[in-house]
1. Which option, (i) 12, 32, 26, 23, 7, 0; (ii) 11, 33, 36, 18, 3, 0; (iii) 14, 46, 33, 7, 0, is the value of P(r) over Cα pairs in 20 Å bins from 0, in percent that was calculated from these coordinates?
2. Counting other Cβ atoms within 10 Å of each Cβ, which GluC sites (Glu not before Pro) in region 374-449 have at most 13 and sit in a DSSP loop?
3. In region 78-121, what percent of the accessible surface is made up of carbon and sulfur (1.4 Å probe, ligands and nucleic acids excluded)?
4. Heavy atoms only, probe 1.4 Å: what % of the accessible area of region 653-741 goes to carbon and sulfur, would you let me know?
5. Suppose each label sits 7 Å from its Cα in the direction of the beta carbon; what would the K907-R359 distance come out to in nanometres?
6. Mind ranking W921, W402 by accessible surface for me, highest first, 1.4 Å probe?
7. Percent of accessible area on region 349-443 owned by carbon and sulfur, 1.4 Å probe?
8. What percentages make up the Cα-Cα pair-distance distribution of region 96-164 when the bins are 10 Å wide from 0?
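The values are calculated or read from the model by the stated rules, or taken from the named source; none is laboratory data. Only a predicted model underlies this, so the values are computations on that prediction, with no experimental measurement involved. Positions of Cβ are generated from backbone atoms using ideal geometry, with glycine treated the same way; all protein chains shown enter the neighbour counts. The protein model used for the area step is the full one, side chains on, heavy atoms only, and it has no ligands, DNA or RNA in it. Shrake-Rupley method; radii C 1.70, N 1.55, O 1.52, S 1.80 Å.
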Amino acid sequence: MAIDKFVNRHIGPRERDLEEMQRVIGVKSMDELIDQTVPSNIRLEKPLNLPNGLTERTYFKQIRKLAAKNKVFNTYIGMGYYDTITPAVIQRNILENPVWYTSYTPYQAEVSQGRLEALLNFQTMVCEMTAMDLANASLLDEATAAAEAMSLMYATRSRGKQKAGANVCFVDENVWPQTLDVLQTRAEPLGIELKAGDFSRDKIEENWFGAIVQYPNLKGEVEDYSNFTSRLHDNDCKISVATDLLALALIIPPGEWGADVVFGSAQRFGVPMGYGGPSAAFFAIREDDKRFMPGRIIGVTKDATGKPALRMALQTREQHIKRERATSNICTAQALLATMSGMYAVYHGPEGIQGIADRVHSIGVLLGDEITKLGYRQENANFFDTIRISLPRHVKKEDIEWLSLDLEMNFRYFETGEVGLSIDETTNLEDINWILEVFAKAANKRIPVISEIPENSIIDKRYGRKSAYLTQEVFNKYRSETEMARYIKRLEKKDISLVHSMISLGSCTMKLNAATEMIPLSWIEFSGIHPFVPKNQAMGYHEMMEELRRDLAEITGFDDISLMPNSGAAGEYTGLMVIREYHKSRGEGNRNVVLIPSSAHGTNPASAVMAGMKVVVVPCDERGNIDVGALRAKAEEHKDNLSAFMVTYPSTHGVFESAIVEMCGVIHKNGGQVYMDGANMNAQVGLTNPKRIGADICHLNLHKTFAIPHGGGGPGVGPIGVAKHLVEFLPSHPVMNNGHVGLHAVSAAPWGSASVLPITYGYIKMLGADGLTQASRIAILNANYIASLLKDNYGILYTGEKGRVAHEMILECRHLKASAGVTEADIAKRLMDYGFHAPTLSFPVHGTLMVEPTESESKEELDRFVEAMNSIFSEIKEIEEGKADANDNVLKNAPHTAEVLMTDDWKHSYSREKAAYALGWLRDNKFWVPVSRVDDAYGDRNLICTCEPLESYMDK
């Protein structure tokens with residue numbers, strides 16, 4: 001093995017394993033397997049036109065050079081992004097810890113209790129700071145959270161408002177410009193009209209259903225919205241408030257003056273700016289609207305023994321169940337960043353948060369006073385962290401700008417001529433004196449010298465917060481780094497991640513997130529940059545992003561890439577909006593019908609409805625393929641209004657459908673565009689591409705195919721690639737020129753989640769053309785190897801025309817329910833006793849398990865998984881044959897905790913050894929599940945989503 005080739009570290013099977021794996025599958029070579037799997041008419045004629053893979057050392061030097069081209073200035077721009085101090089104990093033990101960043105969304109609660117508790121902390125922190133009833137476990141960013149707030153208010157209109165056709169959302173003129181831009185994107189296809197204005201002057205009209213305000217606002221001022229809120233409620237309207245968590249330590253929380261929705265960014269709670277992201281948005285509501293809450297909600301329940309446990313609550317309202325009836329397409333959120341922000345609150349506690357907020361405000365007051373002494377005027381009467389300076393006649397904005405840049409500082413410049421300064425937690429005495437030097441020199445005044453920061457406040461008492469916050473034990477217990485590290489470790493030990501075992505979730509692509517790809521995330525040259533700084537301070541970022549766009553364009557076959565969407569679902573929505581704008585530009589705005597296969601992921605129909613489309617479902621045939629005849633009939637039926645066809649390729653059934661080119665041709669013939677969902681791109685790279693199959697546009701899941709980790713439920717990145725005729729419609733940004741001039745923005749930041757892009761950049765650069773193709777080939781090999789070994793016991797539901805699966809497969813489990821009363825959920829829970837996270841349950845076919853091993857898993861790990869699955873099958877056979885009790889057996893009682901196994905009162909019909917150590921290798925490396933099977937129904941009936949001590953919930 002060439003030890004310096006990254007491909008040999010990324011890919012699991014060794015060269016010596018391939019012959020045996022091919023023998024099991026029944027092929028003589030890898031080429032024969034690929035020929036049997038991928039239809040010949042879509043194969044690429046040439047290899048990828050990408051450089052050879054770099055060694056890890058060479059790549060490290062290259063990414064270091066790029067990082068050095070970024071200039072880290074002290075930035076006081078604000079506008080939703082602030083420098084922060086990430087506690088080292090959180091950076092080292094969460095951000096840089098693969099247990100936290102390689103875990104998956106906590107659908108399987110029993111092996112996710114650690115991150116569920118961390119996310120419950122985040123929710124509690126949000127409820128405490130905002131004084132609201134219920135918070136979710138994060139959204140993508142503040143601007144898209146605003147759009148979700150608008151949608152929630154619209155969906156929850158009273159009957160009277162619905163009957164009256166109320167469709168106007170008032171947006172105060174002093175919200176962030178990026179928020180307004182995203183609202184404009186999202187409002188129009190839903191039939192919502194935005195009205196921008198001055199909350200203190202505009203009359204509330206009958207056609208309003210809600211309003212959105214910023215608190216503190218765009219200028220930095222703290223406004224009194226209480227009277228406006230009362231007037232809205234009197235007129236049967238709701239109000240959503242964008243706010244700053246740190247500010248809420250000092251000013252009255254919106255929940256106390258009647259807000260219906262409160263949202264914002266938790267970035268300044270310990271998450272670096274990262275040139276715009278990722279960071280966690282928060283979203284809090286009133287109890288009455290809980291069924292309309294977007295995103296994940298973590299709730300308290302109990303397990304089979306009555307012990308308190310956590311799980312994701314109210315899932316029936318989510319897109320994967322409600323599909324086209326969902327009011328949100330949120331799937332991936334920002335779990336890893338929410339965990340960090342929640343832990344920031346745990347570590348600092350109420351007194352720490354209060355101290356940081358007091359200091360930030362005091363520095364703002366001090367600077368305002370000192371700058372005023374120099375002949376300037378500070379305009380904000382009540383503010384938290386932002387002062388707005390009017391310049392005297394003899395001082396020019398350009399003077400301030402070049403003097404500040406010379407001292408490596410970025411100020412904010414209002415269109416009305418004022419200079420803005422937003423203070424953050426990192427601002428210190430030296431910074432204060434540098435700022436004053438700029439204003440003094442510009443005014444030709446003596447430079448003052450400040451030697452201390454007196455505690456001071458100018459916030460009017462009527463705005464001051466009086467209520468306590470963060471009173472729960474978890475926020476008042478862990479102050480030393482020792483205790484904090486131990487708390488994080490206690491949570492970490494409750495979760496299964498890729499450091500424990502293969503995570504075989506189908507359609508999720510849980511591959512290696514290599515350390516070399518991850519390390520640059522912590523470098524200040526990538527993490528410490530505000531997204532609105534001049535581009536010449538981020539040249540390393542832009543060089544990297546241009547290369548990445550070119551590489552992704554080559555991989556997809558498309559002409560251009562937008563990096564803006566923050567998740568796969570956001571990419572879907574963006575792609576459909578691009579298609580919508582394309583049709584409108586041709587005078588065919590009537591085209592609003594989207595054909596979607598019945599097997600599609602729930603985000604597809606949810607995204608389509610959000611984009612103003614009408615969903616028409618296309619059935620699949622008995623082999624799991626899209627029914628081409630039905631597709632043709634529906635395309636022809638709707639040819640005058642056909643907008644698009646959304647297709648996942650390979651299919652969600654794990655097959656390369658041979659008719660894909662024909663299907664794309666049918667759509668084009670009838671005036672539509674083809675949108676390819678890139679969720680399964682891991683089987684395509686280097687073998688075929690979206691353009692080759694006939695697609696016009698696709699999104700890519702960088703957190704699947706291209707190695708960005710899942711982070712326990714985010715971050716995700718969902719860039720879209722487009723053919724030449726769609727390039728002009730790619731999304732733009734209102735603050736920064738991101739190179740595109742089409743749609744309004746789809747995320748708050750100009751380049752989306754920029755700080756995680758080095759991961760994908762490194763993945764592509766180190767694998768190179770041959771390595772990327774080999775990764776696809778091995779992903780297909782690993783899937784077919786598992787399928788060959790499990791098909792006799794379980795059955796493979798769908799295969800291609802030549803009997804092969806793509807990179808994943810669906811295991812048939814429904815016959816086991818008939819023969820032994822065992823469900824796919826029982827198998828999933830029993831797998832936990834063997835140390836494995838469950839495969840994907842009941843998607844896309846109810847009663848089945850979908851398995852995707854990825855190319856990163858070794859033959860040894862695949863064999864271990866197969867042995868576990870076949871052992872479970874033997875346990876099922878014991879039930880069928882009457883050797884095991886139909887109700888009291890290892891599957892129905894799984895998973896088994898150490899606490900259950902150690903009890904003196906063991907009454908089961910099987911042994912403790914059978915429950916815990918069904919296979920010998922479990923004795924050497926046993927993952928102990930922290931809770932027994934959770935009771936989902938109990939949790940939904942008794943919805944509790946904040947973190948009082950867990951034992952207290954059982955008394956309620």
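1. (iii)
2. E408, E415
3. Carbon plus sulfur share of accessible area: 47 percent.
4. Within region 653-741, the accessible surface is 51 percent carbon and sulfur.
5. 5.8 nm
6. Solvent-accessible surface, decreasing: W402, W921.
7. Carbon with sulfur: 48 percent of the solvent-accessible area.
8. Bin by bin from 0 Å, the calculated values are 16, 33, 31, 14, 5, 1.
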